[in-house]
1. How large are Rg and Dmax for the stretch 180-225 when calculated on the C-alpha trace, in angstrom?
2. Taking K and R as +1 and D and E as -1, what net charge do the other residues with C-beta under 12 Å from the C-beta of G238 add up to?
3. Hey, can you find the accessible area per residue of the stretch 47-89 for me, probe 1.4 Å, expressed in square angstrom?
4. I want to check the label-to-label distance for L239 and M74. Put each point 7 Å from Cα in the C-beta direction and report it in nm to one decimal.
5. Using a 1.4 Å probe over the heavy atoms of the protein chains, calculate the carbon and sulfur portion of the accessible area of the stretch 37-175 as a whole percent.
6. Using r as the Cβ-Cβ distance of D66 and F86, and R0 as 22 Å, what FRET efficiency do you calculate, to the nearest 0.05?
7. Where the Cα atoms of the stretch 73-224 are projected onto their three principal axes, how long is each span, largest first, in whole Å?
8. When ranked by the protection proxy of mean other Cβ atoms within 10 Å per residue, highest first, what sequence do the peptides 90-100, 161-171 form?
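The values are calculated or read from the model by the stated rules, or taken from the named source; none is laboratory data. Please read these numbers as outputs of a predicted model, since none were measured by experiment. Cβ placement follows ideal geometry from the backbone for every residue including glycine, while neighbour counts extend to all protein chains displayed. The protein model used for the area step is the full one, side chains on, heavy atoms only, and it has no ligands, DNA or RNA in it. Shrake-Rupley method; radii C 1.70, N 1.55, O 1.52, S 1.80 Å.
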Amino acid sequence: MGQQGETDGCQETSALLTMTDEQRCAALSECDNFQASCDITQGIKAARTSARLALASTQTGQARYDTMQGLRAMVEGHNLGDAFPFTFQFMWWEEIGIIDEELYRNVGVCVAVIFVVVVVLIPRPRVSIFVFLAIVMSIIDVLGYCYYWDLTINGVVTVYMLISLGLAVDYSVHIGHMFKAEKGTSEQRALAAIYRIAPSVFNAIFSTFLAVIVLAFSTTYIFRSFFKVFFLVTLIAGLHGIWFLPVVLSLLGGDNGAVDTIKEIEIQEASGDDPEDRKEEQDHAQ
């Protein structure tokens, strides 16, 4: 207590050490900020002891979580009543044990919602399945590349991953929806979808990339993680939307349109009868 103890009515620490329990209790009762009962018959109401954790027990996130759980189990096993181990770091170590489960569950919920939305907006089973496949592949690829880019599963990365799922949906759904509306063979429908909507999708990809590229030079973990996650999403999900999905739909998307029109196109292609050449022949004959 020292000099500060004398100003608020308390005795100095050195003087308290030489007193008996009754004298020390009476002296402490004179302190302005001290409120306690000195009835020794009531027993010890609260006590605290300190300890230091070995470095080997706190080097990795999983080691910290296991250490925390081990301390709790050890205290509970000794039947110490309401005693419990605590350090302020436990608030952060608690996250490590549940964040992976939280991420997988939330991603699973998002994927289920995405499936329902895709099926409703694109009521063509064959097309909607391929669109959903492209989205799921994008999500898996982003999660995998996060590991190789030194992004661990924590609260920050989990939030960014869940936010970025919407971008993965956006890039593929537009292509699939436009493919559904087009007429002709599967290849013609894929080319028409690319011609009509792919430039807009590319603009969305490029604008998002420009928005996050400035964060690449940040030294803050939160901002750098934001850049890494969104860069991976724009690159991987964008390629799945404007490259992978049109190729798959052109091969397996199916035809759409009048049968006679499709047959006429197939007959013209098989016979080599080009409408432009036929028009030139007619003009030359006139």
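1. For the stretch 180-225, the Cα-based Rg and Dmax read 17.5, 52 Å.
2. Once all neighbours under 12 Å are counted, the net charge is -2.
3. Value for the stretch 47-89: 86 Å² per residue.
4. About 4.9 nm separates the two model spin labels.
5. So the carbon and sulfur contribution to the accessible surface is 63 percent.
6. 0.85
7. So the three principal-axis extents are 77, 38, 21 Å.
8. Order by mean packing, descending: 161-171, 90-100.
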